[in-house]
Amino acid sequence: MMDKLKQVWRVLAKPSVHYSLGFLTIGGFLAGIIFWGGFNTALEATNTEEFCISCHEMEANVYEELQGTIHFSNRSGVRATCPDCHVPHEWTNKIARKMQASKEVWGKIFGTINTREKFEAKRRELAEHEWARLKANDSLECRNCHNFDYMDFTRQAPRAAEAHSTSLASGEKTCIDCHKGIAHHLPNMTGVKGY
């Protein structure tokens, strides 16, 4: 075994007999560009609503719920898609979120939420994970579209104007603290203070 490793090392450490250093450098550079392009293409392909609802679990549960909300259809014609709310826009945060989402692939493979009953049984756990993620990043995905600087508090209901102009603007709370269930049905909140 050790002889094999030494032989492989000698081949790797030895200069190329057939190709020039320039050819290998340019070839490596071009291979890197092709890899990076393929990686980004795959990343963007998994960052579409079509991809998100391509599995039965999402289409039959949360996507159906989204269709009845203002985030899906409204007077302004601006529509939030799954990645708008569930995938950060900045590249490093997006990659981190995609790595976290790889756990969802295992759930798909093993049928963790492949029926409505299983989904409902795990709904609160899934929602709490998402709420914690939004709380930790100060509801960044919400703020990509909703910005305090552009809110007209005079056109909001008194309770909303009060909340937006005080506790949210001061940083005491974040969007998800008050807007749980804005795009999807709330899970069973029995035992949770305020519900």
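Read the figures in this text as sums done on the coordinates, not as results from a lab. Because the structure is predicted, anything quoted here is derived from the model rather than measured. For neighbour counting, all protein chains shown are included, and Cβ atoms are generated from backbone atoms with ideal geometry for every residue, glycine included.
For K193, list the lysines whose Cα falls under 28 Å from its own Cα; do not include residues on the same chain fewer than 8 positions away.
By straight Cα distance, K193 reaches K118, K122, K135, K173, K180.
Set the Förster radius R0 to 30 Å, insert the Cβ-Cβ distance between R143 and L24 as r into 1/(1 + (r/R0)^6), and round the FRET efficiency to 0.05.
Working: r = 47 Å, r/R0 = 1.56.
The value I calculate is 0.05.
Please name whichever of I176, I109, T81 sits farthest to the positive end of the charge dipole of the chain, dipole taken about the Cα centre and charges placed at Cβ: Lys and Arg +1, Asp and Glu -1.
About the Cα centre, the residue reaching furthest to the positive side is I109.
How large are Rg and Dmax for the stretch 55-114 when only the alpha carbon atoms are used, in Å?
Here Rg and the maximum Cα pair distance are 13.8, 41 Å.
Can you give me the P(r) profile for the stretch 1-113? Cα pairs, bins 5 angstrom wide beginning at 0, each as a whole percent.
2, 9, 12, 14, 12, 10, 7, 9, 7, 7, 4, 3, 2, 1, 0
Out of V62, V11, V78, any idea which swings most in a Gaussian network model of the chain, alpha carbons joined below 10 Å?
Sorting by GNM fluctuation, first place goes to V11.
Tell me which cysteines of the chain come out unpaired when the rule is another cysteine's Cβ under 4.7 Å.
If one checks each Cβ against the other cysteines of the chain, C55, C85, C145, C178 turn up with nothing under 4.7 Å.
Could you work out the relative contact order of the stretch 22-103? I mean the mean sequence separation of Cα pairs under 8 Å and 6+ apart, divided by the number of residues, in percent.
19 percent
List the trypsin sites (Lys or Arg not before Pro) in the stretch 60-121 that DSSP assigns to loop (not H, G, I, E or B) and whose Cβ has at most 12 other Cβ atoms within 10 Å. Which are they? Mind showing how you got there, number by number?
Values: sites: R75, R79, K94, R97, K98, K103, K108, R116, K118; in loops: R75, R79.
Filter output for the stretch 60-121: R75.
Modelling each spin label as a point 7 Å along the Cα-to-Cβ direction, I'd like the N74/N188 distance in nm, to one decimal.
3.2 nm
Can you tell me, using C-alpha contacts under 8 Å and at least 6 residues apart, the relative contact order of the chain as a whole percent? Working shown, then result.
On the way: 93 pairs, mean separation 39.3, N = 195.
Value for the chain: 20 percent.
Enumerate the whole-percent occupancy of each 5 Å bin, from 0 to the last occupied one, for all C-alpha pair distances of the chain.
1, 5, 10, 14, 15, 13, 9, 7, 5, 5, 4, 4, 3, 2, 1, 0
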